[in-house]
Amino acid sequence: MTVASPAGDTLFEHAACGLLLARTDGVIVRVNATLCTWLGESAESLMAGRKLQDLFTIGGRVFHHTHCLPMLQVQASVAEVQVDLLHRDRSRVPTLMNIARRAEGDAVYDHVAFFITVERRSYERELMLARREAEAALEARRGAEAQLQALNAQLSRDDRRKDEFLATLAHELRNPLAPVRNAIELLKMKAGAAGPSRPLQVLERQVGHLAHLVDDLMEISRITRGQVALRRQPIDLSHAIRAAADDAMPVVSAAHHSLALSLPSVPLCVDADATRLMQVVLNLLTNAAKYTPPGGQIWLAASREGDQAVITVRDTGIGIPAQSLGTIFEMFSQLTPALDRAQGGLGIGLALVRGLVELHGGSIRADSEGEGKGSVFTLRLPALPADDAAAAPVAPAPARAAPEQLRILVVDDNPDATETMCAMLELHGHLTRSAHDGAGAQQAAAAFKPAVILLDIGLPDMNGYEVARRLRAAPGGEALFMVAATGWGQEDDRQRALSAGFDHHLTKPIDFARLQLLLAEALAR
Ligand code: ADP
């Protein structure tokens, strides 16, 4: 089948481009109708001896002369040259021009084709516009990213400041707590066999609660700042769990809950910091007791699952809504605001628990079938091989009273702290003196000749490390039993204290039972 196609002439005349045939001197010998229409000329007029270059603007003529002619001579073609043609009414017709120089028999002609570029120009303009828009969008995006980065930096600065604030707050709260606790101990001792009065019991309980909150605050700020160093050793998990259950008993029985313990019959050993692990389990038990209506049931169980030790704390309490299970371990997350509850907390207990568990290489999750349906917390830790017999039992050594008299110098810039501490020590039969700065400590040590010095690190004139160094270097200093007391109690403080010549390091508020153990050690030397 043949398809009807326009005759050669029609194709030439009405091509979609302007066509022109010229001699090499530019004289036009043929021109198509398309070009004539574009220029508003007739073919006769154009072929009446006019030249190709006569169709150009002046600039176009110069360009033709300097660029097109040499190119035609060298390579017999010119491609995609932009030239403006002149319409009969002197307006400009922007075109793209191609020329091919060809020999036809003896003669040589230039075959010229023109394309109108108006459309191309507007297309280019659109392209340019789109490009500018894209660049502007990119610029805006860069700006937004920079702003986001600045906001991020601001957020992490704020976060750091919050952590620092919490650490300082906990530290500052601990200092006044120490003398308050000592004063309570003193009052209890004075009460003697009659036992502490009701108000004193309340005071003791509430101060204990306060101290607990402050300790939690201190801990969490240390964890977030990566300052907690675990003292790990192989331990039998059952010991730590029993100890935690014992510690939780007062809270559990006060709410008339019953606590069921299920432990493996063989040792279940983990490489852990026993004190921290007890703290974790105690926290979970305290929560179970707190968030279960009186008379509930709590189950505490441990078992081995392959190479993992699994501890579960389950209760029959208020439960946890499904949407909160994922966020409950975040800091300050409380499902019921503390103000609405009988036993308010800070909402850091579970954050602390997760932090400590993760430091041990373990994980923790919460499950609940919903409100009122109880909760279960499942804690997993890497277990040591079953036959690891090296596990050290975790049993806090019983506090022994120092049986004999010691000469003890107590140094602290807070007079309430030294006064109550001295009074406590004297009630236990020791002889005491106090000093409130480094210089005073040195004078008192020279005059009083103590066997034991309890030395605060933050003193007004020089720090306690410096005082310790000087006391050690003084005559008779090597025999001194020196105990550092700091509010911070971080591992590097401990190390610093030991290298400054202290025998021991205690964290404020000083636990009197621990101090008594140290005093017994001092007496044994
Ligand atoms: P706090 O007890 O000081 O508020 P926690 O971090 O220990 O802070 O607990 C966070 C929140 O998780 C609590 O406020 C409580 O809403 C919820 N929660 C914790 N343990 C339990 C539990 N055993 N049953 C129900 N809710 C619990």
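The values are calculated or read from the model by the stated rules, or taken from the named source; none is laboratory data. Given the structure is predicted, the values throughout are model-derived calculations rather than measurements. Using ideal geometry, Cβ is built from the backbone for each residue, glycine included, and neighbour counts are taken over all protein chains shown. Accessible surface areas use protein heavy atoms only, side chains included; no ligands, DNA or RNA. Shrake-Rupley method; radii C 1.70, N 1.55, O 1.52, S 1.80 Å.
Can you name every one of the strands (runs of 3 or more DSSP E) wholly within region 264-321 that holds 2 or more residues which are free of Cβ contacts under 8 Å to residues at least 60 places away in the same chain?
Passing ranges, in order: 297-305.
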Practice item. Would you point out the residue of region 36-55, among those that are under 14 Å from Asp110 (Cβ atoms) and touching a Leu at 6+ places or on another chain (Cβ under 8 Å), that is surrounded by the fewest Cβ atoms within 10 Å (Cβ to Cβ)? Key: Leu52
Practice item. Looking only at region 436-453, decide whether some residue is of a type outside the set (Asp, Glu) and in a strand (DSSP E or B). Key: yes
Point to revise | Search result, residues across region 72-86 that are of a type outside the set (Val, Ile, Thr), part of a helix (DSSP H, G or I) and either within 19 Å of Leu39 (Cα to Cα) or open to solvent by 80 Å² or more (accessible area, probe 1.4 Å) (or both) | key: Gln73, Gln75
Study note, to complete from the structure: Of the residues in region 111-147, those that are among the polar types (S, T, N, Q) and in contact with a Pro (Cβ under 8 Å, 6 or more places away or on another chain) come to Thr117
Practice item. Could you tell me which numbered condition Lys508 fails, if it satisfies all but one of (1) of a type in the set (D, E, K, R); (2) more than 20 Å from Pro176 (Cα to Cα); (3) surrounded by 20 or more Cβ atoms within 10 Å (Cβ to Cβ)? Key: (2)
Review point. Residues in region 165-182: is at least one more than 15 Å from Ala211 (Cα to Cα) and open to solvent by less than 60 Å² (accessible area, probe 1.4 Å)?
Key: no
Exercise for review: Run Ala272 past the list (1) surrounded by fewer than 20 Cβ atoms within 10 Å (Cβ to Cβ); (2) in contact with a strand residue (DSSP E or B) (Cβ under 6 Å, 6 or more places away or on another chain) and report the number of the one that doesn't hold.
Suggested key: (1)
Review point. What do you reckon, is Arg198 at pLDDT 80 or above and surrounded by 13 or more Cβ atoms within 10 Å (Cβ to Cβ)?
Key: no
Check your understanding: Residues of region 469-493 being under 26 Å from Thr224 (Cα atoms) and open to solvent by 50 Å² or more (accessible area, probe 1.4 Å), which ones?
Key -> Trp488, Glu491, Asp492
**Study point:** Only listed residue being over 18 Å from Leu379 (Cα atoms), away from the ligand (no atom under 15 Å from the Cβ) and surrounded by 15 or more Cβ atoms within 10 Å (Cβ to Cβ), chosen from Asp247, Asp236
**Key:** Asp247
Review point. Any residue at all in region 98-114 that is surrounded by 15 or more Cβ atoms within 10 Å (Cβ to Cβ), touching a Ser or Thr at 6+ places or on another chain (Cβ under 6 Å) and not small (Gly, Ala, Ser)?
Key: yes
Check your understanding: Since Arg514 meets every condition but one in (1) more than 27 Å from His212 (Cβ to Cβ); (2) open to solvent by 40 Å² or more (accessible area, probe 1.4 Å), which condition does it not meet?
Key -> (1)
Review point. For the subset of region 300-317 comprising residues that are open to solvent by 10 Å² or more (accessible area, probe 1.4 Å) and closer than 16 Å to His256 by Cβ, which member is nearest to the ligand (Cβ to nearest atom)?
Key: Asp315
Review point. Which residues, counting only those in region 433-447, are open to solvent by 10 Å² or more (accessible area, probe 1.4 Å) and touching a residue at least 24 places away in the same chain (Cβ under 8 Å)?
Key: Arg433, Ser434, His436, Asp437, Gly440, Gln442, Ala444, Ala445, Ala446
